[in-house]
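For reference, the structure discussed in these notes is given below.
Taken together, the values in this text are just the output of simple stated rules run on the coordinates, not laboratory data. Model, not experiment: these values are computed from the prediction. All Cβ positions, even for glycine, are placed from backbone atoms using ideal geometry, and neighbour counts span all protein chains on display.
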Amino acid sequence: MILDIVQYGHPALRAKGRKITKIDEDLADLVDDMLETMVEADGVGLAAQQIGRPLQLCVIDVEDVTDRPSQMWVKGKAVELGEYMPLVLINPEVELLGSPETGTEGCLSFPGISSDITRPERVRVKTQLLDGSELTFEAAGLLARAVQHEFDHLQGVLFIDRMTSEDRKLLEPKIARIRG
């Protein structure tokens, strides 16, 4: 089922997600709906906050993005993205690694707005998966950027908070229109 994606100004976007304590059929159904919604919206990631549910849950799928490559390592070995996509992150812990790099980001909760955002080039993630197992992986490229963007959502942080003050000032009229 396609869910409504909330836009900037909705209180859930500023809410820190609650830890998920039970992985059950209801959560699996929510994940399915989030994945369907993300695909329908042409996104590469979607956090529960973006559908009005402040939980420590997000979905990511960068497998088919060819112009912004991604790399993923599990137990120190490079893996094929297709083995892990779409990726469901439940109660993730994220460690930032590597040098800062700047890249363009957009957000489904800010339609029509994008900006250059500087973030570390790599991440190490420890997360629960939908089957209850744990996964620890490292990521670089678009996957690392998407993980950081979605993890920010889980903390109530938005990509506009990461913009330079100059970019934020330039985009403020568009941001104000979204906020209503």
Subtracting the Cα-Cα distance of THR104 and THR118 from 0.36 nm times their residue separation yields 4.2 nm
Once you've got the GNM for the chain with C-alpha springs shorter than 10 Å, pick whichever of PRO92, PRO100, PRO120 has the biggest mean-square fluctuation.
PRO100
Length-normalised contact order for the chain - Cα pairs under 8 Å, 6+ apart - percent
27 percent
Order of ARG145, ARG179, ARG162, ARG122 - criterion: other Cβ atoms within 10 Å of each residue's Cβ, fewest first:
ARG179, ARG162, ARG122, ARG145
GLU134 versus ASP4: modelled label distance in nm, points set 7 Å from Cα along the beta carbon direction
3.9 nm
Given labels modelled 7 Å from the Cα in the Cβ direction, how far is it in nm from ASP33 to LYS126?
3.1 nm
At 0.36 nm per residue, and after removing the present C-alpha to C-alpha distance, how many nm does the segment from VAL74 to LEU170 gain when stretched out fully?
30.5 nm
For n ≥ 4 DSSP H runs only, could you compute -39500 (n - 2.57) per run for the chain, divide by its residues and tell me the 222 nm figure to the nearest 500?
-8000 deg cm²/dmol
